[in-house]
């Protein structure tokens, strides 16, 4: 996760469902625009207009993706079903639920089994969880990754990495991050990396391992190392903060579209407009895509499809438009 989670209640907001229905209805006729807002506040802070989802060609379905969320977090415990229903209605075709410890790893596997059409899993240890690890927990997670490596729902190792905010566990963070990277070497799974305040150390450490694909999640800089990450073929995911953060927008300007993914990082809440601390929802993803499309000077439809293609390529998945219960997005 990008920031510390505040202990906020998870209360279902019916306005989000109404908006998601508006998204789906608009997709039935791609020549029309959504006429109402996804949030109570204007989605577009500059124009106060609702998010346009107009197809440039009128061909094919619109798909969104959430490459980094924490569905097994306690903050989401009472509302996972509602969140996933919002995802379906907003045409979020897949979500990758990241783990922070053994308990959330097991919880994510259970969610993927319950929602095989929609939820995929990344297993691992978050740097912020290092101080609370029980004896033998690292070994249990390494063993779990090994045993689950043929599970089609397991698509990455994450959320792993380094965090300078937890400097009191710095040495242990390096050790555990290294063990997670060894697990990635053995399984050939992609990794999803947390690098808050430690991007230089992360980029220095990664080449020492024989890794496959790398995703730098909620990457906030420094911008000077963006080109190095891109040259190595790393992907970078950004979320709701991209809508209002000039620093993240500058990072997105430097990243080729082929290296971009979208995320929500829920249950983290975003307190600036237009989100204003509302429960983080997959329905935020269309606005993130709209922001990226504006930065890249293209339309929302084209950008959504490019990012969905990046998601398929990174996680080796083939997405369906509107997954239904009992179906599964197939691994390629």
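The values are calculated or read from the model by the stated rules, or taken from the named source; none is laboratory data. Keep in mind it's a predicted model, so treat the numbers as computed, not measured. Cβ sites come from the backbone with ideal geometry, for glycine too, and all protein chains shown count toward neighbours.
Points worth noting:
- Looking only at residues in the range 86-114 that are over 14 Å from the mean Cα position of the chain (by Cα) and at pLDDT below 95, the one that is surrounded by the fewest Cβ atoms within 10 Å (Cβ to Cβ) is 88.
- Any hit, the range 161-174, residues being under 22 Å from the mean Cα position of the chain (by Cα) and farther than 23 Å from residue 70 by Cβ: no
- Residue count, the range 215-233 (criterion: surrounded by fewer than 22 Cβ atoms within 10 Å (Cβ to Cβ) and free of Cβ contacts under 8 Å to residues at least 60 places away in the same chain): 11
- The residue that is surrounded by the most Cβ atoms within 10 Å (Cβ to Cβ), counting only those in the range 180-214 that are in contact (Cβ under 8 Å) with a residue 40 or more places away in the chain, in contact with a strand residue (DSSP E or B) (Cβ under 9 Å, 6 or more places away or on another chain) and part of a helix (DSSP H, G or I), is 180.
- The set of residues from the range 289-332 being in contact with a strand residue (DSSP E or B) (Cβ under 7 Å, 6 or more places away or on another chain) and at pLDDT 95 or above comprises 289, 292, 304, 307, 308, 310, 311, 312, 314, 315, 316.
- Of all residues in the range 264-282, those that are under 13 Å from the mean Cα position of the chain (by Cα) and more than 15 Å from residue 245 (Cα to Cα) total 7.
- Looking across the range 234-263 at every residue that is over 17 Å from the mean Cα position of the chain (by Cα) and surrounded by fewer than 17 Cβ atoms within 10 Å (Cβ to Cβ), the one that is nearest to residue 82 (Cα to Cα) is identified as 244.
- All positions within the range 231-247 that are closer than 21 Å to residue 95 by Cβ and part of a helix (DSSP H, G or I): 240, 241, 242, 243
- Restricting attention to the range 116-132, the residues that are surrounded by 20 or more Cβ atoms within 10 Å (Cβ to Cβ) and in contact (Cβ under 8 Å) with a residue 40 or more places away in the chain add up to 10.
- Checklist (1) in contact (Cβ under 8 Å) with a residue 60 or more places away in the chain; (2) over 18 Å from the mean Cα position of the chain (by Cα) applied to residue 155, failing item: (2)
- Residue check, residue 51 surrounded by 22 or more Cβ atoms within 10 Å (Cβ to Cβ), closer than 23 Å to residue 314 by Cα and at pLDDT below 90: no
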